[in-house]
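J.: The structure under discussion is supplied below as structure tokens; questions concerning it will follow.
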Amino acid sequence: MSSRNAEVVVTGAGAVSAIGIGCGPLLSSLDEGRDGIRPITRFSTHPFSVNLGATVPDDWLRGLSPQYSSDSDLCFDFARIALTEALWQAGLEGDGRDQFKTALVVGTSLGDLKNQHHRLASRLAGHFGFKGPAITISTACSSSNNAIGLARDLLDGFADVVVAGGADVLSLEAFAGFHALGVLSPAKCAPFSRPAGTTLGEGAGFLVLERAADAACRGAPPLAAVSGYGLSADAFHETSPDPSGGGVARAIQMAILDAGLAPGEIGYVNAHGSGTANNDAVEWLALQRVFGAGAGGIPVSSSKGHLGHCQGAAGVLEALCVLLLMPRQSVPPTLHHRGVRPRCPEDPVASDRPRPHPYRHAACLNSGFGGANAALILSTSSSPRPVRAARPVEIMGLGAVAGHGLNLSELGKAIEDPEFDQPMPAYEIDRVIPNVDPRGLDPATRHLIAAAALALGDAGIAVRGPLKERAGLVIGTTRLSSQSAGEFYRSIAERGPGSCSPLAFARITLNAPAGSCSKALMLKGPTSTLTSGPGSGLGAVLYAATMIANWESVDLVLAAGVDEADSSAGGLTEGAGCIALAPAGKFPVPPGRERAVLAGFGIAGPEDLSAALGQAFAMAGILPDSVDLIFGSADDKSVLEHFFGRPSQKLPRLSCRKLCRGDEAATSALDFIAAALVIRSGESRAALVVGGGRPCATYAAILTGWRS
Amino acid sequence: MALEPAIEAIRSSVALRPAGELVCLEFSGPLAFETVDRLCPIELYLRHGQMQHTLLLDDDALPVADLYVACHEEDFIFLAEEREPGAIMSHLRSHLPAARRAEVKDLRATHGVIALDGPFAWELLGAVVGPEIIGLPYLTFARLDSLFCFRGGKTGEFGYYLMAPLTETGELEARLVEAGGPFDLGRSDLAAVEQCSLENFFFNIRREGRSKATPLELQLQWRISHHKDFVGSQALKKRRERGIEHRLTCLTSREEVGADDPVFAGPDLAGCVVNAGFSFARGEWVALALLDLHHAYPGLDLSCGGEPGLPRPVRTVTPPVINNRSLHVSPQAHAYATRSEIRFPPLVV
Amino acid sequence: MEIPLESYTQRREELLSRVRKILIDRLHVRRAPDEIDPDTSLFLSGLGLDSVDMVELVIACEAEFGVRIRSGTAGRARLRTLNNVVDFVISEEEKSRGA
């Protein structure tokens, strides 16, 4: 298992924002104190009490790109333009390098609004010829921060270059939703000041990330280093942050620990600073928790006064504001500061110009709906890291809700029955997990909570006491809950955008089920939601595994794949599979069960199964001969045959596709569960799980028994 | 204690009192949840740190106690007001066979409770125990070393119950009093809280709780579940099937209303007062009466009389009858020192 | 009372049942209609709705009853119980009749 030892640097950056297309114009706007907040003209704001937004002006775009006709094209165009600049700056455009080792991680909140969040990434990868994995992180407003963090992880053995960032559009739907929640300010967003409230924005930003040694090798000057990152879950409410500041504090502490630093070494904080009374107060509390008495001496500013709240692109664009000013040793200010609001940072850098300030390390924070917090540590230069061995990852518990019902033994039988063809039976969530409030849970959320509770029960682990803050949750899914999305769009159709349902809006981010699940099960450690199309569940398992391997502050991560049936769109796939992972040996195992570990895994491009297999076997340190069983599905069987050096019909291949009635996110998680079952029963010494493929990423995982 | 300044403090700043009426019990051990679940008439959706407001009912479905249940890891804590002294322990003894019961500890032996109520109670508390408490949501609690801070309150204002070891309550109170100057901290007592509860339609176990009415008549169905078995569920089910004949209704009157006065609709008896008190905020009397279903609606002119021939006009109203200032105070944005900036509506509805 | 008691209470009951329907259908309150007492607090205590629920309630009531709640009237401070909502609807009706 690789370890988080590589120093990671940024060698290129690109931006599309309301204050400039391109890093140069963006920096000029910062220097000259310009904000990008203007009356919205793209759609009528007549039904609303607010008309301001930080939009990318149409005429800027028309100058650069062909006619766009819809928001989905707009999202792609923003991203494409930003990515082009980033590659050019890194000196990588038109490069003859191995594109199979170039990965893409895109953070987006609402994506192209077609409920196909992964397609933005696959389109971009196709356009630029990237052939490595193209993964989408969708954790609402913390998406691109998280994406940059995941890029760090991918550089540890899965890619040589990772382009990471995010994109989101100021769509009518987003505006209507934020407006309904009552968080939009009637004036320009004034973080930490008055009036309270935020201003919605849009744009895209991308960073090119490489290992420092590689960048030095090819003579690419680093703009900055990404020293570490941290994630946490508030486990509190769909749209309000945990008022104690504990959630945000955990993410920052984790990031500082990951970077190998002490809190006193952080010289500047770029806050989420959305401008709402709730958020700003909570963030300041969190900073006081982390930095203690020293908090008052750290400049804390928010870039949302310049950029607006760019949703999924907020993290990367705000990080860019820091990156552009850090070489000059100055920090971005907080605009529109017209007087102190109580319970806000002592030094909000209230000014319209950047302030000269000496610092080596900056913390960039973002918090999203569903209580997902992400913190990034940017540094002026990278420094050698203490060598940390990766911890082996043990599979502690399994839980699945699908065609077989809720019982694991039924899953084993179903997978071997060639005639199996049953839809998911109805079940009562109270039977699976007593005392969870079922009010307002859509089916996707119910399936997820049920599978997660079953996994914890199967593991015999109770999440209580200090474990709550050290237990995380990673979800892979491909679609929003059709029930929640339907409710939202119906409310607009029936009542007009000025009266859309705030309750439903809170549930149309891809990470809404994860937010509810972390609340129900008190999982306050790192959380993330990703999508890469089919196989997303397995992708979530592997992301969870890197967390266990690399983060000492994490003792347990639940990883799941979830699908909700949507008969209106022809999507019948339904189910959830959840796996509880922990550092090997950390928890006792119920008697009569062999210990099972995730011995190795691979993450590669959509048409690069052989690379995924190669990575997995190299990490596991075993030969293909050792594998008894293969689970899952692969687009191209010949790759497997070639890899195993014999017709792979010799090796049994089993898939849970029938249990979920399709192959989206849950199936690959169930394939993993099926493999884990045969390992821990002793039936098999080593099993391989493959999943994903076109259009985004291929995954491979090797499970073996473990002797401590 | 003078009632009016106490109520004034509860309604406009913050007031402090020892909460001697509270019975505090801790349920622990492997049977804790099962025990508490059998006793409580509501589905318990509780995660660590959360509370629910419910009741204890006897076999006739009459309230025995007004109860907050709090979940602390695997243990449960009851903060309860009982119908009469000793009612809760006697209820537990008669309904819990010892063998299948959690360990029950009476925390009053080791802990004392101080109550804070008022639109700026959160701010005083934050100044004394730390700013993290400021955003504590309603019906949750925080543990700060040996101090439990429960957010509840029955006045319609921000309310907190601070439970500390008996050796520390004196010091805690002293710290609150010392910090209380800038907040115009007042002293209150149970009588002041009861008057505020009356104005805010918060259930009082010692008044309407003694009127032989079930949660159905008392408009307390939100505190119980009809889909669960618990002590009193059979009687409740029967009453529900039969249908109620009276409902608790709020009244106001310019003239004194007595705690047991009959209420008339014209010449006909409509019901009976179960709780009454003078509201300084409104300058008139506020009462609760169990009225027959024809008259259990706001906006009706009725009368009540303690003596024949001297009817006093009363009017049924929609409670709460106070525009609580706490509704307009946001801990994220406001402070007592700058309260003049807050635009409160008139106190009286 | 200008109008007969029975038609007044009937009107109130009709309005109460419409508010209950909004609570159950739109706000996902898991109670049967007759379990939601008319003076039950909606926010914090009672049904325990939160601030997002209150926005939803205000929007739904505006659509259902054709009233305007948001501008100038702090919804949460006004709509504290079902009876409050019904009072508000009745008073708006009287206003528009009188106008």
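The values are calculated or read from the model by the stated rules, or taken from the named source; none is laboratory data. On a predicted model such as this, the values are computed, not experimentally measured, just so you know. Here the Cβ positions follow ideal geometry from the backbone for every residue, glycine too, while neighbour counts run over all protein chains shown.
J.: Yes or no: C:LEU57 more than 8 Å from chain B (Cβ to nearest Cβ), closer than 30 Å to B:LYS237 by Cα and touching a residue at least 12 places away in the same chain (Cβ under 8 Å)?
T.: When the stated conditions are applied, C:LEU57 does not pass them.
J.: Would you pick out the residues in the stretch C:77-99 that are more than 25 Å from B:ARG325 (Cβ to Cβ), within 12 Å of chain B (Cβ to nearest Cβ) and among the β-branched types (Val, Ile, Thr)?
T.: C:ILE90
J.: Go through the stretch B:90-143 and give me each residue that's assigned to a loop (DSSP other than H, G, I, E, B) and either buried (at least 16 other Cβ atoms within 10 Å of the Cβ) or of a type in the set (Phe, Trp, Tyr) (or both).
T.: Residues satisfying the conditions are B:LEU96, B:ARG101, B:ALA102, B:GLY118, B:PRO119, B:PHE120, B:LEU136, B:PRO137, B:TYR138, B:LEU139.
J.: Looking for something part of a helix (DSSP H, G or I), touching a residue at least 60 places away in the same chain (Cβ under 8 Å) and in contact with a helix residue (DSSP H, G or I) (Cβ under 8 Å, 6 or more places away or on another chain) - is there at least one such residue anywhere in the stretch A:324-345?
T.: Within the stretch A:324-345 (the criterion being part of a helix (DSSP H, G or I), touching a residue at least 60 places away in the same chain (Cβ under 8 Å) and in contact with a helix residue (DSSP H, G or I) (Cβ under 8 Å, 6 or more places away or on another chain)), the answer is yes, since at least one residue qualifies.
J.: Does the stretch B:169-178 contain at least one residue that is crowded, with 18+ Cβ neighbours inside 10 Å, more than 14 Å from chain C (Cβ to nearest Cβ) and under 14 Å from the mean Cα position of the chain (by Cα)?
T.: No, the conditions are met nowhere in the stretch B:169-178.
J.: Determine whether B:ASP106 is more than 19 Å from the chain's Cα centre (by Cα) and charged (D, E, K, R).
T.: In short, yes.
J.: Now a separate question. Quick check on the stretch A:455-502: of everything there that is within 23 Å of the chain's Cα centre (by Cα) and among the hydroxyl-bearing types (Ser, Thr, Tyr), which residue is nearest to A:GLU552 (Cα to Cα)?
T.: Once the filter is applied, the top-ranked residue is A:THR477.
J.: While we're looking at this one, here's another question. Check off (1) more than 8 Å from chain B (Cβ to nearest Cβ); (2) over 26 Å from A:GLY498 (Cα atoms); (3) surrounded by 17 or more Cβ atoms within 10 Å (Cβ to Cβ) for C:SER7 and give me the number that stays unchecked.
T.: (3)
J.: Same structure, new question: Can you find, within the stretch A:276-319, the residue that is farthest from the other protein chains (Cβ to nearest Cβ) among those that are of a type in the set (S, T, N, Q) and either in a helix (DSSP H, G or I) or under 20 Å from A:LEU257 (Cα atoms) (or both)?
T.: Within the stretch A:276-319, the match that is farthest from the other protein chains (Cβ to nearest Cβ) is A:GLN311.
J.: Here's something else I'd like to know. Select from the stretch B:240-251 the residues that are within 13 Å of chain C (Cβ to nearest Cβ) and charged (D, E, K, R) and write down the one among them that is nearest to B:PRO41 (Cα to Cα).
T.: Across the stretch B:240-251, the extreme among qualifying residues is B:ARG240.
J.: If you don't mind, another one. A:GLY412 versus (1) touching a helix residue (DSSP H, G or I) at 6+ places or on another chain (Cβ under 8 Å); (2) closer than 26 Å to A:GLY600 by Cα; (3) crowded, with 21+ Cβ neighbours inside 10 Å: which is the lone unmet condition?
T.: Here A:GLY412 meets the rest and fails (3).
J.: Which of the numbered conditions does B:GLN332 fail, given that it passes all the others? Conditions: (1) more than 14 Å from chain A (Cβ to nearest Cβ); (2) surrounded by 19 or more Cβ atoms within 10 Å (Cβ to Cβ); (3) modelled with pLDDT under 95.
T.: (1)
J.: Something else about it: Could you list, in sequence order, the residues of the stretch A:457-482 that are in a helix (DSSP H, G or I), more than 14 Å from every other protein chain (Cβ to nearest Cβ) and of a type in the set (A, V, I, L, M)?
T.: Listed by number, the list holds a single entry, A:ALA459.
J.: Hey, another quick one. Test of understanding: among C:ILE59, C:ILE69, C:ILE90, which residue is part of a loop (DSSP other than H, G, I, E, B) and more than 30 Å from B:LEU55 (Cβ to Cβ)?
T.: After applying the criteria, what remains is C:ILE69.
J.: So, in the stretch B:118-145, of the ones that are acidic (Asp, Glu) and within 14 Å of another protein chain (Cβ to nearest Cβ), which residue ends up farthest from the chain's Cα centre (by Cα)?
T.: B:GLU132
J.: Scanning the stretch A:137-168 for residues that are more than 18 Å from the chain's Cα centre (by Cα) and assigned to a loop (DSSP other than H, G, I, E, B), which turns out surrounded by the fewest Cβ atoms within 10 Å (Cβ to Cβ)?
T.: A:ASP160
J.: Mind checking whether some residue in the stretch C:43-52 is assigned to a helix (DSSP H, G or I) and either more than 9 Å from chain B (Cβ to nearest Cβ) or in contact with a helix residue (DSSP H, G or I) (Cβ under 9 Å, 6 or more places away or on another chain) (or both)?
T.: Scanning the stretch C:43-52, I find at least one residue that is assigned to a helix (DSSP H, G or I) and either more than 9 Å from chain B (Cβ to nearest Cβ) or in contact with a helix residue (DSSP H, G or I) (Cβ under 9 Å, 6 or more places away or on another chain) (or both), so the answer is yes.
J.: For the stretch B:205-229, name all the residues that are more than 13 Å from every other protein chain (Cβ to nearest Cβ) and buried (at least 22 other Cβ atoms within 10 Å of the Cβ).
T.: B:GLY209
J.: Taking the stretch A:408-438 on its own, how many of its residues are more than 14 Å from every other protein chain (Cβ to nearest Cβ) and either among the β-branched types (Val, Ile, Thr) or under 21 Å from A:LEU398 (Cβ atoms) (or both)?
T.: Counting residues in the stretch A:408-438 that are more than 14 Å from every other protein chain (Cβ to nearest Cβ) and either among the β-branched types (Val, Ile, Thr) or under 21 Å from A:LEU398 (Cβ atoms) (or both) gives 16.
J.: Among the residues of the stretch A:235-269 satisfying the criterion of being away from chain B (no Cβ under 14 Å) and in a loop (DSSP other than H, G, I, E, B), which is farthest from the chain's Cα centre (by Cα)?
T.: A:ALA262
J.: Considering (1) in contact (Cβ under 8 Å) with a residue 12 or more places away in the chain; (2) surrounded by fewer than 24 Cβ atoms within 10 Å (Cβ to Cβ), say which one A:PRO195 fails and leave the rest.
T.: So A:PRO195 meets the others, but not (1).
J.: Moving on to the next point. Being more than 14 Å from every other protein chain (Cβ to nearest Cβ) and within 19 Å of A:ARG479 (Cβ to Cβ) is the requirement here; does A:ALA451 meet it?
T.: It is true that A:ALA451 is more than 14 Å from every other protein chain (Cβ to nearest Cβ) and within 19 Å of A:ARG479 (Cβ to Cβ).
J.: Going by what's in this entry, would B:ALA235 be described as in contact (Cβ under 8 Å) with a residue 12 or more places away in the chain, away from chain A (no Cβ under 14 Å), surrounded by fewer than 18 Cβ atoms within 10 Å (Cβ to Cβ) and in a helix (DSSP H, G or I)?
T.: yes
J.: Report every pair of residues separated by at least 6 positions or lying on different chains whose Cβ atoms are under 8 Å apart, first residue within the stretch B:309-321 and closer than 8 Å to B:PRO298 by Cβ, second among the polar types (S, T, N, Q) and part of a strand (DSSP E or B).
T.: Within 8 Å, the pairs are B:THR316/B:THR249; B:VAL317/B:THR252; B:THR318/C:THR81.
J.: Mind checking which residues of the stretch B:154-169 are in contact with a Phe, Trp or Tyr (Cβ under 9 Å, 6 or more places away or on another chain) and either among the basic types (Lys, Arg) or within 15 Å of B:CYS24 (Cα to Cα) (or both)?
T.: Matches in the stretch B:154-169: B:LYS154, B:TYR160, B:TYR161, B:LEU162, B:MET163, B:ALA164.
J.: Turning to a different aspect of this structure: Would you please name the residue that is farthest from the other protein chains (Cβ to nearest Cβ), looking only at residues in the stretch B:195-204 that are hydrophobic (A, V, I, L, M, F, W, C) and part of a loop (DSSP other than H, G, I, E, B)?
T.: That would be B:PHE203.
J.: Are any residues in the stretch B:270-297 part of a loop (DSSP other than H, G, I, E, B), within 14 Å of chain C (Cβ to nearest Cβ) and out of contact with any helix residue (DSSP H, G or I) (no Cβ under 6 Å at 6 or more places or on another chain), and if so, which ones?
T.: B:LEU293, B:HIS294, B:HIS295, B:ALA296
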